[in-house]
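Report on the following structure.
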Amino acid sequence: MSAPPLCFVHGLACGPEDWDGIVATLNPLQARSVANLGYFDPVAVEARAPTIASLARRVVVELQLMKAPAVLVGHSLGCRVIIEAAKQKPNAVAGLVFVDGSRLLFASPAALRATVEENPVAFVEDFFGQMMGPKMPAEMADHLVKRAKTMPADKLARLLEDGARWDNEDCEGALATLHDRPTMVLQSTVIDDDGRRRILQEGETMPWIGFISAQIPKARIEILAGLGHFSMIEDPEAVSRLLADFVAGLPAR
């Protein structure tokens, strides 16, 4: 049996190139898709702000082009998108991998949007600055922050607002439809109650892990201690090994 195809989904104010280090390690015969959520598409700048549901529909289009059910791999806000995509098209999904997911429960959706709108540049510098781990090259960290600043501020604010709303209103119900789906959590950071992100320590757990485990009891949990939010960039070899092992253990279809 051939390995299932992989579909990678990037995070907020990020891009498909964030998966380059992972994709480079894959067997060239293994089918894959790297979704582009279009944050920086100049044609779409004036379009209505994206939502978790609308971004998921973009991923569903990618899934429909594949010849077999795929493993969805989402990073950060992309974890929300792949959950929603799997709910929308469950028969097209063979498994789920969450790379440093979270739930935005530290502020109301409206308050989060207002914080971004007040000073988008300062918000991005602080929010993304917290994501960098000790293995992140300084020039790459600088690039990631600069790239995020180019996302139109209104889209950034409204998508964060919708992400927080989705976390509160839709996430649990969507996961309930996926309770028996093979799932792996690769976690390296935690957002504390004050809204600040920090690196997880070996043996530490956090609310997102407990939430996923309650909804998907057989989910595999892996802590990537010592890495920042972009673990697939900081240590692509470690993430690739875990991804390959997860895929190898999937039931035959």
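Which value in nm describes the separation of the simple spin-label points at Lys135 and Ala110, placed 7 Å from the Cα toward the beta carbon?
Here the modelled spin labels are 4.3 nm apart.
What are the ³J(HN,Hα) values, in whole Hz, obtained from phi via the Karplus relation 6.51 cos²θ - 1.76 cosθ + 1.60 with θ = phi - 60°, for each residue of region 125-141 in sequence order, with x given for Gly and Pro?
So the J values, rounded to whole Hz, are 4, 6, 4, 7, x, 5, 7, 7, x, x, 8, 7, x, 4, 5, 6, 4.
By what distance, in whole Å, do the Cα atoms of region 1-93 stretch along each of the three principal axes, largest value first?
The principal-axis extents, from largest down, are 45, 28, 22 Å.
Per residue, what accessible area does the chain have, given a 1.4 Å probe and all protein chains present, in Å²? Kindly include the intermediate steps, with their values, before the conclusion.
On the way: 11110 Å² over 253 residues.
In whole numbers, the chain has 44 Å² accessible per residue.
Taking all protein chains as present, what is the carbon and sulfur share of the accessible area of region 44-182, in % to the nearest whole number, probe 1.4 Å?
Values: 3090 of 5950 Å².
Solvent-exposed carbon and sulfur of region 44-182 make up 52 percent of the total.
Of Ile209, His75, His179, whose Cα points farthest to the positive end of the dipole of the chain (charges on the beta-carbon: +1 Lys, Arg; -1 Asp, Glu; origin at the Cα centre)?
His179
What's the tally of Lys pairs in the chain whose alpha-carbon atoms lie under 23 angstrom apart, where the two lysines are 8 or more places apart or on different chains? Intermediate results must be reported in sequence, preceding the final value.
Values: Lys67/Lys87; Lys67/Lys89; Lys87/Lys218; Lys89/Lys218; Lys135/Lys146; Lys135/Lys149; Lys146/Lys155.
Count of close lysine pairs: 7.
Roughly speaking, what is the stretch gain from His143 to Arg57, that is 0.36 nm per residue apart minus the C-alpha to C-alpha distance, in nm to one decimal? Don't skip to the end; give the middle numbers.
On the way: separation 86, 0.36 × 86 = 30.96 nm, distance 2.83 nm.
My answer for the length gained is 28.1 nm.
If I stretch the segment between Asp41 and Ala225 completely, what's the gain in nm (0.36 nm per residue apart, minus their alpha carbon distance), one decimal?
On the way: separation 184, 0.36 × 184 = 66.24 nm, distance 3.45 nm.
My answer for the length gained is 62.8 nm.
Between Lys218 and Ala24, what is the FRET efficiency for a Förster distance of 22 Å, r being their Cβ-Cβ separation, to the nearest 0.05? Before the final figure, lay out each step's value.
On the way: r = 30 Å, r/R0 = 1.37.
Given R0 = 22 Å and the Cβ-Cβ separation, E is 0.15.
For the chain, what does the relative contact order come out to in percent, with C-alpha contacts under 8 Å and a separation of six or more? Intermediate values should be presented prior to the final figure.
Numbers: 442 pairs, mean separation 58.8, N = 253.
For the chain, the relative contact order is 23 percent.
Would you mind estimating how fast region 99-163 diffuses translationally, via Stokes-Einstein at 10 °C and 1.306 mPa s with the Kirkwood radius over Cα pairs, in µm²/s?
Numbers: Rh = 12.6 Å.
D = 126 µm²/s.
Cut-off 10 angstrom, C-alpha nodes, Gaussian network model of the chain. Which of Glu125, Glu234, Glu139 fluctuates the most?
Judging by the Gaussian network model, the answer is Glu139.
If DNA, RNA and ligands are ignored and the probe is 1.4 Å, what is the ranking of Asp142, Asp180 by accessible area, most exposed first?
Numbers: Asp142 75, Asp180 110 Å².
From most accessible down to least: Asp180, Asp142.
If I histogram all Cα-Cα distances within the chain using bins 10 Å wide from 0, what percent of pairs lands in each bin?
It works out to 7, 33, 40, 18, 2, 0, in whole percents.
Relative to the Cα centre, what is the charge dipole magnitude of the chain, using +1 at the beta carbon of each Lys and Arg, -1 at the beta carbon of each Asp and Glu, and rounding to the nearest 20 debye?
Details: 25 positive and 32 negative charges, 183 e Å.
The dipole of the chain has a size of about 880 debye.
Given the -39500 (n - 2.57) contribution per DSSP H run of 4+ residues, what per-residue ellipticity at 222 nm results for the chain, rounded to the nearest 500 deg cm²/dmol? Display every interim value, and only then the final one.
Working: 11 runs with 110 residues, N = 253.
My calculation for the chain gives -13000 deg cm²/dmol from helical runs alone.
How much accessible surface area, in Å² rounded to 10, belongs to the heavy atoms of Val61 with a 1.4 Å probe?
Using a 1.4 Å probe on the heavy atoms, I get roughly 80 Å².
What is the diffusion coefficient of region 66-107 in µm²/s, taking the Kirkwood radius over Cα pairs and the Stokes-Einstein relation at 10 °C with a viscosity of 1.306 mPa s?
D, rounded to a whole number, is 148 µm²/s.
Using a 1.4 Å probe, how large is the accessible area of Glu237, given in Å² and rounded to the nearest 10?
Surface accessible to solvent at Glu237 totals approximately 100 Å².
Roughly how much of Thr150 is accessible, in Å² to the nearest 10, using a 1.4 Å probe?
Number for this one is 90 Å².
The values are calculated or read from the model by the stated rules, or taken from the named source; none is laboratory data. These numbers come from a predicted model, not from an experiment. Neighbour counts are summed over all protein chains in view; Cβ atoms, including those assigned to glycine, are modelled from backbone coordinates with ideal geometry. Calculation scope for accessible area: heavy atoms of the full protein, side chains included, ligands and nucleic acids excluded. Shrake-Rupley method; radii C 1.70, N 1.55, O 1.52, S 1.80 Å.
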